[in-house]
Amino acid sequence: MGKKKMMTGNNDIVTFGIKKLKKFGYIHVNRANILYDEVYKIFFERILRERLRDNAEEQEKIICLLKRIKLNTSNN
């Protein structure tokens, strides 16, 4: 599955993560780097895991994003 298709299916979750990271001062985070930048990945993964516990109806999307982060980490 391509990067663009992956991001389209998870827009609301990714947008939430970007907003939260920007709120913490990471002003350069965006859709292109939230899953690939070493620092952003770490914080976004924490956000996703927290949201996974609190939001059952989004579990499949969140798990998919977590797998994507894990894949990007193992490729580096």
task = Go ahead and estimate [θ] at 222 nm for the chain from helices alone: -39,500 (n - 2.57) per DSSP H run with n ≥ 4, summed, over the residue count, rounded to 500.
result = -21500 deg cm²/dmol
task = Using the Cα centre as the reference, give the magnitude of the dipole from point charges on the C-beta atoms of segment 3-74 (Lys, Arg: +1; Asp, Glu: -1; all else neutral), rounded to the nearest 20 debye.
result = 200
request  = Please work out which option in (i) 0.92; (ii) 1.31; (iii) 1.08 gives Rg/Rh (Cα atoms, Kirkwood Rh) calculated from these coordinates, and answer with its label.
outcome  = (i)
request  = Please give, to one decimal in nm, the separation of the simple spin-label points placed at PHE24 and ILE42, each 7 Å out from Cα toward the Cβ.
outcome  = 1.0
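The numbers here are math on the coordinates, done by the rules we state, and not lab data. Note that the structure is a prediction, hence the values are computed from the model and not measured. As a convention, Cβ positions derive from the backbone with ideal geometry for all residues, glycine included, and neighbour counts pool all protein chains shown.
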